[in-house]
Amino acid sequence: MDYCEELKREDFEFNEDYLIERFKRGSAAEFTFQQCCFHYLIDLALGLGSSKEDILKNLGPDTGCIFPDECPPNIDMIGAQDAKEMQLTIGSGHVLYTGGAKDTDELAEELAKHFGMQVEVIVPPSHPRSNYVSPSTVEVLVLANPHLYQVAQKLCKSVPTHFYTLQLLQRNYLIAKKAHTVYAFGILENDAKRVQGGTGWTVQLALDQRKDVYLFEIPSQTWYRSENHYYVSDDSACLVAGSKFLPWGLKPPTLHQSSAVIGSRDLDEKTRKEIQALFNRTFCLPENIEQLRLELEDFHL
């Protein structure tokens, strides 16, 4: 609690400025985002093991930024909605589509729930998780078949014949279809057009549907983004439209409002940290809070 002993609400003109400063100091002191920033998620009494009385001695009177269950939310900040019925979370308004597999899917689902995102787990009827989530119907899954054959041709592979493996690829088509942007963690082929393994199927399914795709190339630990390009076909000497992955030289990407995070079932520690960083960049950076404050002012919300 030392980081906020000298931090008083009355020293700031706006609640937002107070929250931003609390987050900056709390982040430097290695507290979690929930513990040091948004008033509707703070639970310092439990998170830090201190009583409410002890915390208020350090912070001064509670203005709603400390114990949201005892104080009304700041209507000036959130607008004229019915505050009693509204529960705000950091990632509300964002959705993650996932296939319920191990490692990448599992970690992304855990992080999405941690930040309050909506999570839609898409599985076939034969999947182990079909007992816990509503599986996709066979009628919906078979709609993917024409697209799978197109992808197989581009990847120089064969569509699997076993029903279980086929249903997993059909599921991947649905994930690519629903998400606006796909974030893949895998290995790029030498031609920079394809991604290795099962991740490559989902990536190509997304590209064929003209979705935005970001790839974190595991061996080089570098972000790439798919870009449209044109090339001459070897078979017909015609100009053909395609996609190629180019290094993403700008800031590392952040999640779109509608996202799918896909990748290997055997992640190394560095890649796991980058997946975590993808979510943290989206929801936890101080500039995100400042952007929220400015937009609230601009739109008079």
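Read-outs throughout are calculated quantities, based only on the coordinates presented, and are distinct from any laboratory measurement. Only a predicted model underlies this, so the values are computations on that prediction, with no experimental measurement involved.
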5 angstrom amide H check on G116, placed H, neighbours 5+ away: G91
Length gained when the stretch E139-Q209 is fully extended (0.36 nm per residue, less Cα-Cα span): 23.2 nm
Under-5 Å amide H pairs with V123, H placed in peptide plane, nonlocal only: S136
For a quick check: with amide H placed at 1.01 Å from N, whose amide H comes under 5 Å from W248's, ignoring anything fewer than 5 positions away on the same chain? W223, Y224, R225
For each pair in K157/K251; K113/K273; K113/K154; K193/K270; K178/K244, compute the distance between the two Cα atoms and list the pairs where it is over 27 Å. K157/K251; K113/K154
Gained length - Y164 relative to D191, 0.36 nm times residue gap less alpha-carbon distance: 6.7 nm
Can you list the HN-Hα couplings for segment 201-209, worked out from phi with the Karplus curve (6.51, -1.76, 1.60; θ = phi - 60°), rounded to whole Hz and with x for Gly and Pro? 4, 5, 4, 5, 4, 5, 4, 5, 9
Considering only DSSP beta bridges with both partners in segment 95-283, what is the antiparallel share in %, to the nearest 5? 45
